[in-house]
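> The structure's right below; bear with me while I get my questions together.
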Amino acid sequence: MTTVGLDITSSGWVTTFQDLGRRDTERRGVPTGGAADQHSASVANLLVGNPREATLIESLGGELALVPGAPVLLAVTGAPAQVTVGGAPADSWSPLVVPAGQEIRVRGDMDRGTRTYLAVNGTLTARTLLGSAAPDARMGFGQVIARGERLLVETEFRGFGRRLFEPQLFRLPVPVPRFDHGPWVVDVVASHGIHTIAGIRQLIEDSTYVVTPRSNHVGLRLDGPVLHPDDDTEIVSHGVPVGALQIPHADELIVLGRYRSLTAGYPIVGVTSRAALPLLGQAGPGRELRFRWIDRETSLRRFARREAEVRALGHAAAEAFGALGFGAPLSRINCEAILI
Amino acid sequence: MTTAQYGAVAVEPFGDSAVMVTIPHADQAIRRAAIVAFRDRFLAHRPPGVLDVVSGLESLLVEFDPLRTALQHVEYAVRLVARWAPSDGPSPGRTVRAFTVPVVFDGEYGPDLASVAEELGLTPAEVIEAIGESTFTIALLGAAMAPMMDGLKVPRPVRRRAEPRTDVVPGSVMIAGTNAIIQPFPGPTGWRVVGRTPHTIVDISRPDPVSFGPGDVVRFTPVTRDEAAALDAGFLLPTEEAV
């Protein structure tokens, strides 16, 4: 195991340590948080032989760049991005070797998605709060990575003795999501509140909504037509699942994110399907969304299919890296679903 | 509380991997107390695949991993737990801790003290006395682990602010209804700010950022600013443990 320094030469708009979020902390008032796009974060880690819940880097906007002090194995996932290593184009959604002293640059295409993820084989040194490196701004736990910082990663990777321009090292079954240019279709399971507003189901299905700049980790605020309940039935403060569709008193639709807290007073008409949550984590201002109602069984079938793809990648990566002789972190691959 | 009040739970699916549990009853106080008791028992017998629970005032959101368990299994477990009569006394497997929290009550640290007094038809000194004589029980940890307590003994429930304050400093002691809460981090609130404790309530550099949990007992002791400064108060720790 060696400790390698990663010098941050550019940090984009907001770059933070990240992981899949906190477990079992919601009942103590701390939201799960974690990567907005859990799929991309999981895949980035698996592509470098890490457990999927390992600490990695999440970057929103601008250009992230770093220079390792020794060769490292890393992977970039998330929104479509221009990736270069030592100035030469490189692939995202694939393991990459960055030689010592070479710079890797990642520039996400903000028109296609908001967040990119960068995972490095090994263990990144980062502070944790309640067992997770995920930021929690509300608790003063920013986890921001700034230009000029040196991150440390403990890794067993020693390089493959290959040059950058040789063919791709691995052919892994990578489940790469689509980041289309047009409106994104989000699957939603109806919930109780839908019965309190006549016509809302049809209206949401027929309309296109646009993500506004007032959106953040707590929720996406969408412009588009909504309806309100006729009566003023009191709704007392209660917990809500990530991805809940809430209709506030104003004429907007809110999709709650991983940093939501209790909600009160507003009807919840549906909850985003688990399989569609990663897509929402990539939706930035200006993005058009359309909602499609699906039943719970269909929703879970899609989630199970997505999860099977991620597991298949995990197993393939474990075999490939095992054959190359570095396997330590892989033995800890956690097959439990931890997407929330 | 009787088994009958407890047995009638409503379990409603919420999205593809959560259920909302409520206890239908005409009496709000029973709904609220019963869901707290249910939560404690459910967590003490947590079924496999249940990831976390989120307490609401009158509900419990149960989040589960749909690949490890299924809606029907979770619902079944909820109904089973609900049918057992709750035992008396504190929640199982946990010691009740007691906290004595020194608080400076004055016009600057407690900008809503005067208006609360006016609303209740008391003097500010009488409000401070009422708070000091109340024994609070922590009902739940609110946003950012803030201790939310029941037990304020005042002539009638205290209203929230019509216009929330946007930036309340950490350590602020706040009341609303018959509840009290301590603000752990700077932020907005609609609660009435009546004082400030010099203690750190939540310390994120500690492995466990808080020393309290639901069921613990809190008393507020009025102190002067000089006394507060002399305390050299750090992280809030319990004063005693009672079984």
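The values are calculated or read from the model by the stated rules, or taken from the named source; none is laboratory data. In this text, all values refer to a predicted model and were calculated from it rather than measured experimentally. Positions of Cβ are backbone-derived with ideal geometry, glycine not excepted, and every protein chain shown enters the neighbour counts. When the accessible area is computed, the model is the full protein with side chains, heavy atoms only, and any ligands, DNA or RNA have been set aside. Shrake-Rupley method; radii C 1.70, N 1.55, O 1.52, S 1.80 Å.
> Counting only residues that are buried (at least 19 other Cβ atoms within 10 Å of the Cβ) and of a type in the set (A, V, I, L, M), which one in the range B:12-28 is nearest to the other protein chains (Cβ to nearest Cβ)?
For the range B:12-28, the residue satisfying everything is B:18.
> Let me ask something additional. Taking the residues in the range B:68-102 that are buried (at least 19 other Cβ atoms within 10 Å of the Cβ) and more than 19 Å from the chain's Cα centre (by Cα) as candidates, determine which candidate is modelled with the lowest pLDDT.
B:86
> Now a separate question. Taking the range A:1-39, which residues are of a type in the set (S, T, N, Q), in contact with a Pro (Cβ under 9 Å, 6 or more places away or on another chain) and within 14 Å of another protein chain (Cβ to nearest Cβ)?
A:25, A:38, listed by residue number.
> Another question about this same structure. Restricting attention to the range B:188-199, does a residue exist that is surrounded by fewer than 19 Cβ atoms within 10 Å (Cβ to Cβ) and without any contact (Cβ under 8 Å) to a residue 24 or more places away in the chain?
No, the range B:188-199 contains no residue that is surrounded by fewer than 19 Cβ atoms within 10 Å (Cβ to Cβ) and without any contact (Cβ under 8 Å) to a residue 24 or more places away in the chain.
Each row is one residue, and each column tells you yes or no for (1) aliphatic (A, V, I, L, M); (2) closer than 22 Å to residue B:12 by Cβ; (3) within 10 Å of chain B (Cβ to nearest Cβ).
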{"residue": "A:217", "(1), (2), (3)": "no, no, no"}
{"residue": "A:222", "(1), (2), (3)": "yes, no, no"}
{"residue": "A:244", "(1), (2), (3)": "yes, yes, yes"}
{"residue": "A:251", "(1), (2), (3)": "no, no, no"}
{"residue": "A:264", "(1), (2), (3)": "yes, yes, yes"}
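> Can you go through B:105, B:64 and tell me which one is within 14 Å of another protein chain (Cβ to nearest Cβ), open to solvent by less than 30 Å² (accessible area, probe 1.4 Å) and touching a residue at least 24 places away in the same chain (Cβ under 8 Å)?
Result: B:64 is the single residue among B:105, B:64 that is within 14 Å of another protein chain (Cβ to nearest Cβ), open to solvent by less than 30 Å² (accessible area, probe 1.4 Å) and touching a residue at least 24 places away in the same chain (Cβ under 8 Å).
> For the range A:120-145, which positions are more than 14 Å from chain B (Cβ to nearest Cβ) and under 25 Å from residue A:30 (Cα atoms)?
A:123, A:124, A:125, A:144, A:145
> Among the residues of the range A:50-90 satisfying the criterion of being farther than 26 Å from residue A:2 by Cα and not in a strand (DSSP E or B), which is nearest to the chain's Cα centre (by Cα)?
Filtering the range A:50-90 for residues that are farther than 26 Å from residue A:2 by Cα and not in a strand (DSSP E or B), the one nearest to the chain's Cα centre (by Cα) comes out as A:79.
> So if I check each of A:88, A:100, which one is outside the structural domain of residue A:242 (by TED's automatic domain parsing) and open to solvent by less than 30 Å² (accessible area, probe 1.4 Å)?
A:88
> To continue, here is another question. Within the set of pairs 6 or more residues apart or between chains, which connect a residue that is over 15 Å from residue B:127 (Cβ atoms) inside the range B:163-187 to a residue that is open to solvent by 30 Å² or more (accessible area, probe 1.4 Å) and among the aliphatic types (A, V, I, L, M) with Cβ atoms less than 8 Å apart?
Short answer, once both residue conditions are applied: B:183/B:169; B:186/B:169.
> Just to be sure I understand, how many residues within the range B:42-57 are at pLDDT 90 or above and crowded, with 18+ Cβ neighbours inside 10 Å?
Residues meeting the conditions: 8.
> Another question, then. Any residue at all in the range A:59-75 that is open to solvent by 20 Å² or more (accessible area, probe 1.4 Å), away from every other protein chain (no Cβ under 14 Å), out of contact with any Leu (no Cβ under 7 Å at 6 or more places or on another chain) and closer than 28 Å to residue B:144 by Cα?
Yes, because at least one residue in the range A:59-75 is open to solvent by 20 Å² or more (accessible area, probe 1.4 Å), away from every other protein chain (no Cβ under 14 Å), out of contact with any Leu (no Cβ under 7 Å at 6 or more places or on another chain) and closer than 28 Å to residue B:144 by Cα.
> Looking at the range A:271-290, can you tell me whether even one residue there is open to solvent by less than 30 Å² (accessible area, probe 1.4 Å), under 25 Å from residue A:78 (Cβ atoms), within 10 Å of another protein chain (Cβ to nearest Cβ) and among the hydroxyl-bearing types (Ser, Thr, Tyr)?
yes
> Also, quick follow-up: Would you pick out the residues in the range A:103-124 that are surrounded by fewer than 21 Cβ atoms within 10 Å (Cβ to Cβ) and over 20 Å from the mean Cα position of the chain (by Cα)?
The one that is surrounded by fewer than 21 Cβ atoms within 10 Å (Cβ to Cβ) and over 20 Å from the mean Cα position of the chain (by Cα): A:103.
> Any residue in the range B:203-222 that is open to solvent by less than 30 Å² (accessible area, probe 1.4 Å), touching a residue at least 12 places away in the same chain (Cβ under 8 Å) and outside any loop (DSSP other than H, G, I, E, B)?
yes
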